[in-house]
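This report concerns only the one structure given below.
The values are calculated or read from the model by the stated rules, or taken from the named source; none is laboratory data. Quick caveat: nothing in here was measured; it's all calculated off a predicted structure. Reconstructed Cβ throughout: ideal geometry from the backbone, glycine too, with neighbour counts over all protein chains shown. Heavy atoms of the whole protein, side chains included, go into the accessibility calculation; ligands, DNA and RNA do not. Shrake-Rupley method; radii C 1.70, N 1.55, O 1.52, S 1.80 Å.
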Amino acid sequence: MDEEELKALDKLFDKKLTPIKEDLNEIKETVDVNNASLINLENTIGVYSDALDVERKRIDKHDGRLEVIEENLDLNP
């Protein structure tokens, strides 16, 4: 294959791939727009997850204290 045939193939591929590239650009723009929303959701979920972990630790601490009180008072919950 010589250089002219390669250039002809390049033009053919470019002609055939242009519509596909345009479609991919539209998809990329849509994905880029959605990325900001997804990042915001991930951050919000992360904050709630952290708050839930803190709350679980607090509850576990209270459960431990209550167990001691229940044992000392011979209570059966």
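Here the chain is treated with +1 on each Lys and Arg Cβ and -1 on each Asp and Glu Cβ, and its dipole about the Cα centre works out to around 180 debye.
Give me the accessible area per residue for the chain, probe 1.4 Å, as a whole number in Å². Working shown, then result.
Details: 7450 Å² over 77 residues.
Dividing the accessible area of the chain by its residue count gives 97 Å².
Between 0 and 90 degrees, the angle of helix 3-72 with respect to the longest Cα principal axis of the chain falls at about 0 degrees. Compactness ratio for the chain: Cα radius of gyration over 2.2 N^0.38 Å (N = residue count) comes to 2.72.
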